[in-house]
Each structure stands twice: as structure tokens, then as C-alpha cells.
Amino acid sequence: MKRPENETKRKIIDVAVKMIKDEGYDKVTINDICRAAGVSKHTLYYYFKSKEEILNSYGEVPLGVRHFEIERLVTAENSFEKFFLTFSSLIDFFSEMGPELAKKTMGAKSEFKVKYFGDMSQDPRESFKQLQVSLIEQARKEGSIRNNSDAEALYYCVTSVVTGMIHFWVRNSGKFDIKDNVRYLLEIVLDVPENLRKSNIKTSDLKFMYMHGHGGCNSKD
């Protein structure tokens, strides 16, 4: 029985992603993917020109809060927790992808699609920024964020911290807890009150990470 076209394409992507995660990008060939997916090279090349194009078709980078996280957002104890939760989808996306696969998809030629879980009437990045700025302002009013810098400037600062930590995590082969490290840095940058801080990272851990340039805080090794 002939497999539906979309199912075949999805099968190729899923097989390729799993193989690259398990074996490494450079060790997996087009022939390997074809054998594992049960398709001919002709079929694979009908959908994709290269391994890189397969990776570019892998999912969408999520921004905002996923549908199953809405309850957590509503019941979050303060606005900083809501703010951090909106970044969780992005962090989880790369964490689940794994450093090997993330390294290739973050290459210069790769172009991620962005999926925003929210208002789709405008550019997803702009919608995400507006949500973040609003949460920063709410958090300042209630005292869960004490940094009084311009809210939009803080948004850009935080975004740089998050993306920078993702790149650092990828470069160091995922050897540390990326989410806890991001939270620790955001708690410092946004000046979250001590009683609301939940990161397990210590300043000495952070110093070690940057002095040695590898391993990360709470290293998995």
C-alpha cells in the first residue's frame, strides 16, 4: 500500500532527526536515512535536496506559552514566573533537540520557522515582545522584578541572555542544565527578590563555567 505523501515526508524527517541525535550529523548519510526510513534515494530527493534541508524542515521554534502550559501560566505565583514560563518552550525545544542537532540547525544557512502561541494577527516576534514587555511591567508593579530599566530594553537584554546561553550550551555539547542556568541569569539581570529565586546555581558555579569555558553550571559530567 502506497504511503501518503505527507506521511512519507514526515517519516523521513523523524528518522533523520533520531539518527542524527543518536549517531551524530557527520556519521549519518543519505543512504543511511533512506534505509532506515524505507524509501529510495529518488523519493528522499523528491522532498529534500540535502540533510541540511531535512533539518530545516524539523519543527518550528516555539515562542510564548504552549496550549498545555496555559494552566501553569494562569496559576503562576507571580509575574516573574509567568515571564520565565514564556521562555520555557524555546529552551525545551533546543533541549529536546539535543546539542548535536541544534548545532547544525543553528548554522548560518539554516532558517527556523517560528511558531507563536498567541495573537497571530502580527509578526510572531513582535507579539512575543509585547507579551514579555507587559509581563515585565506587571512584575515590577508587584515587586517580583526590581530592575527599573526600560521594559523594552530589558526584553532585548533577556533575549540576548537566553539565546547566548543556548549557543553556549550547544558549543559545550549540552553538558549542563540549560534551563536552570538561564533562570539563574534572569534572576540576576532582572533583580528578582531573594525569596522568589529558585535556581540551584551558585555564583561560584558560574565563575567556574566562564573561567574554564566548558562544562557549565551543574555539569552533567
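Can we say Val65 is among the β-branched types (Val, Ile, Thr) and either at pLDDT 85 or above or over 30 Å from Lys198 (Cα atoms) (or both)? Here the answer is no, as Val65 does not meet what is asked.
Based on this model, can you work out whether Leu73 counts as open to solvent by 20 Å² or more (accessible area, probe 1.4 Å), modelled with pLDDT of 80 or more and among the aliphatic types (A, V, I, L, M)? First the steps, then the outcome.
Details: open to solvent by 20 Å² or more (accessible area, probe 1.4 Å): yes; modelled with pLDDT of 80 or more: no; among the aliphatic types (A, V, I, L, M): yes.
It is false that Leu73 is open to solvent by 20 Å² or more (accessible area, probe 1.4 Å), modelled with pLDDT of 80 or more and among the aliphatic types (A, V, I, L, M).
Contact list please: Cβ distance under 9 Å, first residue in region 124-137 and more than 16 Å from Ser149 (Cβ to Cβ) and touching a residue at least 40 places away in the same chain (Cβ under 8 Å), second residue of a type in the set (A, V, I, L, M) and open to solvent by 30 Å² or more (accessible area, probe 1.4 Å), pairs at least six apart or on different chains. Within 9 Å, the pairs are Pro124/Val114; Arg125/Val114; Ser127/Met120; Phe128/Val114. Among the numbered conditions (1) within 18 Å of Asn6 (Cβ to Cβ); (2) open to solvent by less than 40 Å² (accessible area, probe 1.4 Å); (3) of a type in the set (Gly, Ala, Ser), the only one that Gly38 does not meet is (2).
In region 125-221, counting only helices (runs of 4 or more DSSP H) that sit wholly within it, the ones holding 1 or more residues that are open to solvent by 10 Å² or more (accessible area, probe 1.4 Å) and modelled with pLDDT under 90 span 151-171, 203-212.
The values are calculated or read from the model by the stated rules, or taken from the named source; none is laboratory data. Not measured: the values here are computed from a predicted model. All Cβ positions, glycine included, derive from the backbone under ideal geometry; neighbour counts span all protein chains shown. Surface areas here come from the heavy atoms of the whole protein model, side chains and all, with no ligands, DNA or RNA. Shrake-Rupley method; radii C 1.70, N 1.55, O 1.52, S 1.80 Å.
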